[in-house]
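Notes follow once the structure below has been shown.
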């Protein structure tokens, strides 16, 4: 099943009343976690994985996917109204969105971000539909060297685009790979770094790590200061952007869709990099770059479009290659495995209702988000007015339940607390969490691909440069790695601290 | 010298040396037949190499750390208390149970970290723990430990 036939089949699945209901739940929860700072889609998805066991796989995954792209819509609300990004991918929206709100233009800022998100999200899904089937066919020809080179490229891109020192980012990547080795070695059966702790024999879970690094550490940082947060009090008047707003934004929206989609595909690219890259491009192309940071509507439209388009792109490596592009995709990969589904190129053939149902449900989800979100903005604003002293215990609580619920393990909660402290220290010492998490996710796959490649080549690393696709990917990675030395500068994407 | 970079670089360097030794114990194998310790050793070598660069860079730079990154005494106390409360909660979760444990955690957070009145703290902690229990356990079917409040025949 492919192409038009697949799309029609997908709609027949996505438009079932029960699946529409699951989609509605997903996008609503996604918007909610997007609005609430400190609680991201990874936490929400892992919290809700056990509930998918009571439904059909397609309904479950329609809901989980809805949480992911729903969070991108919700994240902009806090950026614009409170100057605090509810979601890491909306960090850059603060720059101009909050300034617009201060100038009394919160309505058009929220409106253009919703319309941009809708357009970007929809174009991203179209891209996903067009690109996924041929890529899945091509992926069948991928061997271990191609997989290895692709993952190395993903890690290099993330280090290259990181805000601070590239060396520190690569260190975090190495640390992530190292921690990804904890547990039983699937090839030899040897226990690695588990020191007799039974819980470590299965490896460290991604959910406690992500919740600790990005959720708990954020609460720890906030607890240093007085826990007060001001919501910008403004009347959110008309949400509809004016004709002039559209004129200034349409180019940014279209470019953001393209940038977001292509950066979303790359492992390590994802929504955060997409939003920063779009902002940088818009500022560069603008005839008034000085207006950026002072309330330029294109600075809201571009990044908000890009992060939604990237969600569509991010599904491509997971659905076609079985490689998660970010932590959310890694959790989804785990959920697919729990349901006994094989990810990668065979998913489309073996579970078409999940593959096509999930993809087409994103159309309906995007429409739901647009229809629901604009009228619901006042509700989200009220939610933000809940004083932070009452909000942060709830964020902690959700993180604890999220870590505990997946395996019913107190050890996972302790792991989360430990990584909360690690994340706090990493932020203090200016290390980034994103390369660590991606390397941790890709580590086991990277190891398998490397070992298999070396066995095939009888121990020669030349294999990565002898096969055309692998060689291309490796050359790009090496160029990115050494370009700061050659070009003497590096265009940092300025990733925030709480990536993923 | 950048003190923070030097300290962190040194810590990572020590960790990488430890990981290299452990990888060696696990059997590194050969390029033709990589063993269990091959990948950890490679990752540890990369970590060690980059940490050494960070340490050297930190020593060579004449500028000191630009800003004060550490919190004041009150901030430290809050961070330490939060970590202790969370750890205590996690360790007692299965014994005490979700409902009671969460109520105590929330109450302590609201009294110690962000001091609120007793009435507000008790009402919020009670409602939040009950609501979260109903949401996760009863509605979303996330299995939570019943602990002391479990009803046994």
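Values in this text are rule-based calculations from the coordinates and carry no lab data. What you see is a predicted model, and the numbers here were worked out from it, not measured in a lab. No Cβ is skipped: glycine too gets one built from the backbone with ideal geometry, and neighbour counts run over all protein chains shown.
Couple of notes before you dig in:
- Where residue A:104 falls short, out of the listed (1) out of contact with any strand residue (DSSP E or B) (no Cβ under 9 Å at 6 or more places or on another chain); (2) on the phi < 0 side of the Ramachandran plot: (2)
- Counting only residues that are facing another protein chain (nearest Cβ under 7 Å) and within 15 Å of residue B:82 (Cβ to Cβ), the stretch A:409-423 holds 4 of them.
- From the list B:136, B:38, B:50, the one residue that fits, being buried (at least 20 other Cβ atoms within 10 Å of the Cβ), free of Cβ contacts under 8 Å to residues at least 60 places away in the same chain and under 24 Å from residue B:7 (Cβ atoms), is B:50.
- Residue A:153 vs. criteria touching a residue at least 24 places away in the same chain (Cβ under 8 Å) and more than 24 Å from residue B:17 (Cα to Cα): yes
- Residue in the stretch A:367-384 that is within 14 Å of chain B (Cβ to nearest Cβ), part of a helix (DSSP H, G or I), under 20 Å from the mean Cα position of the chain (by Cα) and in contact (Cβ under 8 Å) with a residue 12 or more places away in the chain present: no
- Among the residues of the stretch A:279-305, those that are over 15 Å from residue A:119 (Cα atoms) and part of a helix (DSSP H, G or I) comprise A:279, A:280, A:281, A:282, A:283, A:284, A:285, A:289, A:290, A:291, A:299.
- Test: residue in the stretch A:482-492 that is touching a helix residue (DSSP H, G or I) at 6+ places or on another chain (Cβ under 8 Å) and closer than 28 Å to residue A:343 by Cβ: no
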